[in-house]
1. Give 59, 31 a once-over and let me know the one that is surrounded by 20 or more Cβ atoms within 10 Å (Cβ to Cβ) and assigned to a helix (DSSP H, G or I).
2. Could you tell me whether region 115-123 includes any residue that is surrounded by fewer than 16 Cβ atoms within 10 Å (Cβ to Cβ), closer than 21 Å to residue 143 by Cα, at pLDDT 95 or above and under 11 Å from the mean Cα position of the chain (by Cα)?
3. Give all pairs with beta carbons closer than 6 Å in which a residue from region 42-68 that is without any contact (Cβ under 8 Å) to a residue 40 or more places away in the chain meets a residue that is in a strand (DSSP E or B) and polar (S, T, N, Q); count only pairs at least 6 apart in sequence or on separate chains.
4. Of (1) in contact (Cβ under 8 Å) with a residue 40 or more places away in the chain; (2) over 11 Å from the mean Cα position of the chain (by Cα), residue 74 satisfies all except one. Which?
5. Do we find a residue being under 22 Å from residue 34 (Cα atoms), hydroxyl-bearing (Ser, Thr, Tyr) and touching a Leu at 6+ places or on another chain (Cβ under 7 Å) anywhere in region 89-100?
6. Report every pair of residues separated by at least 6 positions or lying on different chains whose Cβ atoms are under 8 Å apart, first residue within region 78-99 and free of Cβ contacts under 8 Å to residues at least 24 places away in the same chain, second assigned to a strand (DSSP E or B).
Amino acid sequence: MSLRVRRFLGILGLAAPGLCGAGGSVEFSVVDQLIRQQPAIHGWLSSSLVLPDTAFAEVRFGPHFKHLGGGRMGPYTFMAKPMASSSISEIEVIICTNARFLDKSGKQLLDSNIEDAVRLEEKLASVQVRDKRGDVGRPVCPE
């Protein structure tokens, strides 16, 4: 997703909390489809971690999105347990995505017209894994 779109959604979320809510849970299958875009990463995560049934989507589209209102968008966060015995009981996994907003013909919309999108297309940008026990601030997805 472009920096401009991220800023727009961030400002919109701050300026009008009722219009762009604070995310919500999604079925893990949504996140799994994104992770499968990178088979090596999917293989490592699924063979190393006990994956959950749900994840948290950081963005929820408000009603000003004509067709996507109520929809969710990444980044996605979930807690997972290592399969191997470890001193770490749970780790936090953040799935960062790049998003494209598309019209009914599949053409990418300009940032100024994303409220008219009929479809959202996300691509896996990065995966961050961290020990939640640390006092470190929240990871930030790359732009």
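The values are calculated or read from the model by the stated rules, or taken from the named source; none is laboratory data. Only a predicted model underlies this, so the values are computations on that prediction, with no experimental measurement involved. Counting neighbours? That spans all protein chains shown, and the Cβs are built from the backbone with ideal geometry, glycine included.
1. Details: 59 fails: assigned to a helix (DSSP H, G or I).
Only one candidate passes the filter, namely 31.
2. For region 115-123, residues surrounded by fewer than 16 Cβ atoms within 10 Å (Cβ to Cβ), closer than 21 Å to residue 143 by Cα, at pLDDT 95 or above and under 11 Å from the mean Cα position of the chain (by Cα): present.
3. 54/25; 56/25; 56/77
4. Among (1) in contact (Cβ under 8 Å) with a residue 40 or more places away in the chain; (2) over 11 Å from the mean Cα position of the chain (by Cα), the lone unmet condition for residue 74 is (2).
5. Filtering region 89-100 for residues under 22 Å from residue 34 (Cα atoms) gives 90-100.
Keeping just the survivors that are hydroxyl-bearing (Ser, Thr, Tyr) gives 97.
Going one step further and asking which of them are touching a Leu at 6+ places or on another chain (Cβ under 7 Å), we end up with 97.
There is at least one residue in region 89-100 that is under 22 Å from residue 34 (Cα atoms), hydroxyl-bearing (Ser, Thr, Tyr) and touching a Leu at 6+ places or on another chain (Cβ under 7 Å).
6. 89/81
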